[in-house]
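Take a look at the structure below.
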Amino acid sequence: MTGDEIVALSKRHTLFEWSAQSAVDPIPVARAKGAYFWTPEGKRFLDFNSQLMCVNIGHADPRVVKAIQDQAAVLPYANPFMATEPRARLGAKLAELAPGDIDVFFFTNGGAEANENAFKIARAVTGRQKILARYRSYHGATAAAIAATGDPRRWSQPPMPGVVHVLDPYHGIQRGWDSADNALRYLEEVIQLEGPQTIAAFILETVTGTNGILAPPVGYLQGVRALCDQYGILMIADEVMSGFGRTGKWFAVEHWDVVPDIMTMAKGLTSAYVPLGAVGVRRAIADHFQTTPFPSGLTYSSHTLACAAALATIAVMEDDGLVERARCTGAIMSELLADLAARHPSVGAVRSIGLFGIVELVRNRETREPMAPFGGTSPEMAALGTFFRDEGLYTFVRWNYFFTNPPLSITEAELREGFAIIDRALAIADRTVA
């Protein structure tokens, strides 16, 4: 099919997420390899967002493709009441990689389901019902996950009882960061006002993803861990986006030497070659279900193809040293981001950790008025997105910022290729700066 045919048929018979359908203008994709993908007509795009921050090892790695093919030829599916070799091996491998004593896993279809099941586990183990979550967060689009989400994607859904939102240490481009001490004092006040004996868990993205690539200030995660211990609240680290090398560690919590009680993951677990998520729990939590039935189930839990893909993906990351590579290439990216901030008046802030990066744009560096309002867009941001597309750079443009989240396998030359396009694009935004 041609690109136009693919788009027309897709728009006629399928729904595109988070969009008014009349406004969608999708890129037709025919194939992908490494850091690039192509339209049916052969236009090449540099994938500077790893699709949705998930294709960590790059596209179409033959080692993972072969693992999927080999598993499909032997055992493409077995129901989750059965035990299979891919399931057994993946659980053991994740136990090696996960921090602390997180060594038992429940496999889901993706990140939202992982978070849903994390809530179920926390409520079952503690006997409490409330879930604390932060406003600048995204945890998925299923019922409980979207209720825990703090950003505007939650607004269209009815509120779900039992979810309490708290503020983040980051208060936006104009107000900036709170200190860890202030943020923790506020968090403890909310816990006391809500009644700690009613709170099952506090879920937070270790490094906030689509709401701004927000790495916590020094001491914040350690303080959250201490408060959770003090009040008997389980700490859930959402590592769906920040896990599997994205930040230069296997899991982002390792940067702060914190072990959560529950850790959710997906995306980079299989580099999105096959859908898979997981909930990892500490041994004491897993032991709760030795005599008490586990309160969940999924037809595709522990799917053989997905587990085989995950094992192969992890092997590629180990064989190619992609976690260390994300650290090293991330240092180069940090320098490139700082250079953009130094030369472009429209750049109000840049942030990155590993290959997890963002550029925030402003109309005025003194007032720090964002280039687009919270939850909205602007002609300038739309023009920036159009320029990226015309120049063959794919990344996620949202509100007043855009992301730099390439595959961990990206070369320095490919990275600089992407930043050269960004450099030219920012001239559009610079013209509007007061």
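Data for the structure
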| item | result |
| --- | --- |
| Set of aspartates and glutamates with alpha-carbon distance to Lys120 below 16 Å, sequence-local pairs under 8 removed | Asp238, Asp261, Asp287 |
| Rg [Å, one decimal], Dmax [Å, integer] - the range 65-159, C-alpha atoms | 16.9, 45 |
| Relative exposure of Phe105, Phe16, Phe396, Phe81, judged by other C-beta atoms within 10 Å (fewest first) | Phe81, Phe16, Phe396, Phe105 |
| Dipole moment magnitude, nearest 20 debye, the chain about Cα centre, only Lys, Arg, Asp, Glu C-beta charged | 560 debye |
| D (Stokes-Einstein, µm²/s), Kirkwood Cα radius, the range 302-434, 0.692 mPa s at 37 °C | 205 µm²/s |
| Percent of beta bridges antiparallel (DSSP, the range 186-288, rounded to nearest 5) | 40 percent |
| Relative contact order, percent, the chain [alpha-carbon distance under 8 Å, six or more residues apart] | 21 percent |
| Residue with peak Gaussian network fluctuation, the chain [Cα springs, cutoff 10 Å], from Gln174, Gln51, Gln21 | Gln21 |
| For peptides 359-365, 165-171, 265-271, sequence by mean Cβ density within 10 Å, most packed first | 265-271, 359-365, 165-171 |
| Residue exposure sequence - Thr395, Thr126, Thr14 - by fewest surrounding Cβ within 10 Å | Thr14, Thr126, Thr395 |
| Scattering profile of the chain at q = 0.08, 0.09 Å⁻¹ [log10 I(q)/I(0), Debye over alpha-carbon scatterers] | -0.44, -0.57 |
| Computed over the range 62-319, the ratio Rg/Rh where both radii use C-alpha atoms and Rh is Kirkwood | 0.97 |
| Estimated Rh, the range 26-89: Kirkwood, alpha-carbon pairs, angstrom | 14.1 Å |
| Sequence of Glu194, Glu380 once ranked by neighbouring C-beta atoms within 10 Å, starting from the fewest | Glu194, Glu380 |
| Mean-position separation - Cα centroids, the range 261-289 and the range 182-225, in angstrom | 21 Å |
| Point-to-point label distance, Asp25-Arg389, nm (Cα→Cβ direction, 7 Å offset) | 0.4 nm |
| Lysines with Cα under 26 Å of Lys11, excluding same-chain neighbours fewer than 8 positions away | Lys33, Lys43, Lys267 |
| Relative contact order (percent, whole number), the range 62-319, Cα cutoff 8 Å, 6+ residue spacing | 30 percent |
| Residue of Gly277, Gly150, Gly232 that the Gaussian network model of the chain assigns the largest fluctuation, springs spanning Cα pairs under 10 Å | Gly232 |
| Residue-averaged [θ]222 nm for the chain, counting only DSSP H segments that reach four residues, each worth -39500 (n - 2.57) | -12000 deg cm²/dmol |
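We did not get these values from a lab; they are worked out from the coordinates using the rules stated. Since the model is a prediction, treat every value here as computed from it, not as a measurement. Neighbour counts run over all protein chains shown; Cβ positions are idealised from the backbone, glycine included.
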